[in-house]
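Where a number appears in this text, it was derived from the coordinates with a stated rule and is not lab data. In this text the structure is predicted, and so the values were computed from the model without any measurement. Note: ideal-geometry Cβ built from the backbone for every residue, glycine included; neighbour counts use all protein chains shown.
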Amino acid sequence: MTPHPDTALLQAFVDGTLGEHTAVHVALHLDDCPLCANQVLQLDPLSQAFASVDDPVVPAALVGDVLAAAATPLAPVPWIELVVGTVLLAAAAASTMAAGGLVGWWSRARTLIEVLTSVTADVLAQPSVSVSLATSAVVLGAATLMLVRATGTSAQEAV
Amino acid sequence: MRLHEAQPQDESTHIALAADGDGTAREWLVRRWTPPVYRFSLRMLSNEQDAYDAAQDTMVKVLNNLHRYDRNRAFSTWVFGIARNTCIDEHRKRRRRGDMPSTEVVDTGPTPLQEVARHLRAERVHEALAELPPMYREVLIMYHFEHLKYAEIAEALELPMGTVMNRIFRARQKLRDLYGTNDLPA
Ligand SMILES: [Zn+2]
């Protein structure tokens with residue numbers, strides 16, 4: 001801890017007449033020195049006025065209301081779901097493009113990007129883990145369906 | 001002892017558990033932090049209903065964002081940082097609604113006769129605070145009522161210490177200008 005400031009310096013601090021650098025220096029000392037902080041309290045009518053004020057009464061229902069409001073928290077999306085979803089969609093996209101060859105690949109890719117974007121937004125917006133899991137199941141279903149359809153389409157094209 | 005230094009280890013344990021969704025730890029944090037957040041909000045907004053809403057919003061934000069809390073910071077500065085942002089939003093909403101600045105007196109509890117003088121003094125301090133712009137009000141409330149250190153106020157407001165000290169000195173000067181040093185309740 002820095003040396004105790006003398007009374008004149010503490011009085012200047014109370015009066016607000018110190019330069020910024022010195023004021024910061026004194027403030028950091030006061031943060032760690034109850035002795036000097038107490039001396040400032042004695043020198044400062046404003047601090048005494050604040051110290052004489054009672055704390056307001058906290059409404060009895062508030063804690064219960066906070067607990068109730070927080071009971072259904074916005075859970076962060078579990079990272080594993082995001083990773084699994086992304087991998088599945090990427091696999092579906094790769095398979096579709098591979099199966100469909102170069103013909104029509106861009107329109108399929110675009111459709112997949114749209115699905116990926118909307119589903120990701122849905123997952124991020126889910127209020128609970130269970131809904132988030134259900135959304136992930138939909139992702140899986142959609143990806144599989146697209147994969148099957150894409151494979152069927154490319155088979156027909158091949159014929 | 002500074003209020004917000006109480007049981008730091010206990011608190012960090014509860015924070016870690018609550019961040020993982022532990023119900024008991026979440027409740028512990030709510031019981032521990034709702035009163036100071038409400039007091040701060042009431043002194044910022046000078047209106048009990050607005051303070052109630054702001055305190056509830058703040059605590060729900062705290063609980064839902066525990067995974068974003070940086071353990072290198074004091075928890076108090078993180079909580080009060082959220083509380084002051086919520087109060088500033090509430091203040092803006094109130095201005096948009098066109099509400100007049102409230103001069104509602106903060107309820108300091110039952111006031112038997114021997115406490116009337118004390119009550120009047122408290123009233124005067126809160127009236128003086130209500131006259132200040134929020135940027136000056138918040139530093140005085142954090143220091144004098146919630147007993148944050150100067151360095152903690154800087155952290156809560158994400159400002160350099162020099163800026164905080166300037167604000168505190170200006171806030172004090174404004175109080176003197178408004179009421180005159182001799183007129184201040186002592
Ligand atoms: Zn000292």
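At-a-glance table
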{"quantity": "Distance (nanometres) between label positions extended 7 Å along Cα→Cβ at B:D89 and B:R71", "calculated": "2.8"}
{"quantity": "Unit charges on C-beta of K, R, D, E only; dipole of the stretch A:1-57, Debye", "calculated": "120"}
{"quantity": "Backbone HN-Hα couplings from phi across the stretch B:49-58 [Karplus 6.51/-1.76/1.60, Hz, Gly and Pro as x]", "calculated": "5, 4, 5, 4, 5, 5, 5, 5, 4, 4"}
{"quantity": "Charged-residue dipole, Cβ positions (Lys, Arg, Asp, Glu), the stretch B:11-179 about Cα centre, Debye nearest 20", "calculated": "500"}
{"quantity": "With eigenvalues of the C-alpha gyration tensor scaled by 5 and rooted, the stretch A:1-72, Å", "calculated": "37, 16, 11"}
{"quantity": "For the stretch B:139-149, Karplus couplings with θ = phi - 60° (6.51, -1.76, 1.60), whole Hz, Gly/Pro x", "calculated": "5, 5, 5, 4, 6, 7, 9, 9, 6, 6, 6"}
{"quantity": "Qualifying lysines (Cα of each under 23 Å from Cα of B:K61; at least 8 residues distant if same chain)", "calculated": "B:K93"}
{"quantity": "Förster-model FRET efficiency, 51 Å R0, A:V83 and B:D10, C-beta, rounded to 0.05", "calculated": "0.90"}
{"quantity": "Note, ³J(HN,Hα) from phi for the stretch B:152-160, Karplus 6.51, -1.76, 1.60, rounded to Hz, x at Gly and Pro", "calculated": "5, 5, 4, 5, 4, 8, 6, 10, x"}
{"quantity": "log10 of Debye I(q)/I(0), alpha-carbon scatterers only, for the stretch B:11-179 at 0.08, 0.11, 0.14, 0.17 Å⁻¹", "calculated": "-0.26, -0.49, -0.78, -1.09"}
